[in-house]
1. Can you tell which of THR47, THR12 is among the hydroxyl-bearing types (Ser, Thr, Tyr), open to solvent by less than 50 Å² (accessible area, probe 1.4 Å) and at pLDDT below 95?
2. Got a number for residues in region 16-38 being under 18 Å from GLY108 (Cβ atoms), at pLDDT 95 or above and open to solvent by 90 Å² or more (accessible area, probe 1.4 Å)?
3. Right, GLU98: acidic (Asp, Glu) and in contact with a strand residue (DSSP E or B) (Cβ under 6 Å, 6 or more places away or on another chain) or not?
4. Can you pull out the residues in region 89-111 that are within 14 Å of the chain's Cα centre (by Cα) and part of a loop (DSSP other than H, G, I, E, B)?
5. Tell me which of these VAL65 doesn't satisfy, since it passes every other one: (1) touching a residue at least 60 places away in the same chain (Cβ under 8 Å); (2) open to solvent by 90 Å² or more (accessible area, probe 1.4 Å); (3) among the hydrophobic types (A, V, I, L, M, F, W, C).
6. Any residue at all in region 69-88 that's among the aliphatic types (A, V, I, L, M), touching a helix residue (DSSP H, G or I) at 6+ places or on another chain (Cβ under 9 Å), in a helix (DSSP H, G or I) and more than 19 Å from GLN11 (Cα to Cα)?
7. How many of the residues making up region 75-111 are surrounded by fewer than 19 Cβ atoms within 10 Å (Cβ to Cβ), among the hydrophobic types (A, V, I, L, M, F, W, C) and either closer than 12 Å to TRP44 by Cα or in contact with a Pro (Cβ under 8 Å, 6 or more places away or on another chain) (or both)?
8. Does region 58-68 hold any residues that are small (Gly, Ala, Ser) and in a loop (DSSP other than H, G, I, E, B), and which are they?
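The values are calculated or read from the model by the stated rules, or taken from the named source; none is laboratory data. All values derive from a computational prediction rather than experimental measurement. Cβ: placed from backbone, ideal geometry, glycine included. Neighbour counts: every protein chain shown. Ligands, DNA and RNA are excluded from the accessible area calculation, which covers all protein heavy atoms including side chains. Shrake-Rupley method; radii C 1.70, N 1.55, O 1.52, S 1.80 Å.
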Amino acid sequence: LVTFSGAVRNQTKGRRVLRLEYEAYAPMAEAKLAEIGQEVASRWPGTRLAIMHRVGTLLPGELAVVIAASAAHRQEAFRGCEHAIERLKQDVPIWKKEFFEDGEVWVGLGP
């Protein structure tokens with residue numbers, strides 16, 4: 001069993017993060033997460049995933065995402081877990097807004 005957990009950082013590019021706000025298009029996000037699980041099972045037979053990504057307001061130190069991959073052998077579990085987080089970040093409709101002392105920015109949409 002391999003796990004990955006992603007926590008809210010307390011700074012980005014030298015700016016102190018006060019909080020993050022995550023939004024998602026839930027029906028599509030759930031479908032994409034299921035698709036990722038199917039991909040992993042297809043690429044690494046016998047590997048199973050559990051993925052949870054929070055939405056709403058999160059503070060530094062709180063967990064935003066947790067992934068667990070199980071397989072008979074560690075290599076498949078590690079690869080499945082890594083594949084899952086990379087695909088989640090690329091394709092799942094979950095958006096992140098960072099709030100700083102001097103402003104805010106949607107991640108991936110601004111400088």
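1. Working: THR47 fails: at pLDDT below 95.
Only one candidate passes the filter, namely THR12.
2. Result for region 16-38: 2.
3. Working: acidic (Asp, Glu): yes; in contact with a strand residue (DSSP E or B) (Cβ under 6 Å, 6 or more places away or on another chain): yes.
Yes; evaluated as a whole, the condition is true for this residue.
4. Once the filter is applied, which keeps residues that are within 14 Å of the chain's Cα centre (by Cα) and part of a loop (DSSP other than H, G, I, E, B), region 89-111 yields VAL92, PRO93, VAL107.
5. (2)
6. Here is the first cut: in region 69-88, the residues among the aliphatic types (A, V, I, L, M) are 69, 71-72, 77, 84-85, 88.
If we keep only those that are touching a helix residue (DSSP H, G or I) at 6+ places or on another chain (Cβ under 9 Å) too, we end up with 69, 71, 84, 88.
Then keep just the ones that are in a helix (DSSP H, G or I); that gives 84, 88.
Checking which are more than 19 Å from GLN11 (Cα to Cα) leaves us with 84, 88.
Yes, some residue in region 69-88 is among the aliphatic types (A, V, I, L, M), touching a helix residue (DSSP H, G or I) at 6+ places or on another chain (Cβ under 9 Å), in a helix (DSSP H, G or I) and more than 19 Å from GLN11 (Cα to Cα).
7. Selection size over region 75-111: 2.
8. GLY61, the sole residue that qualifies.
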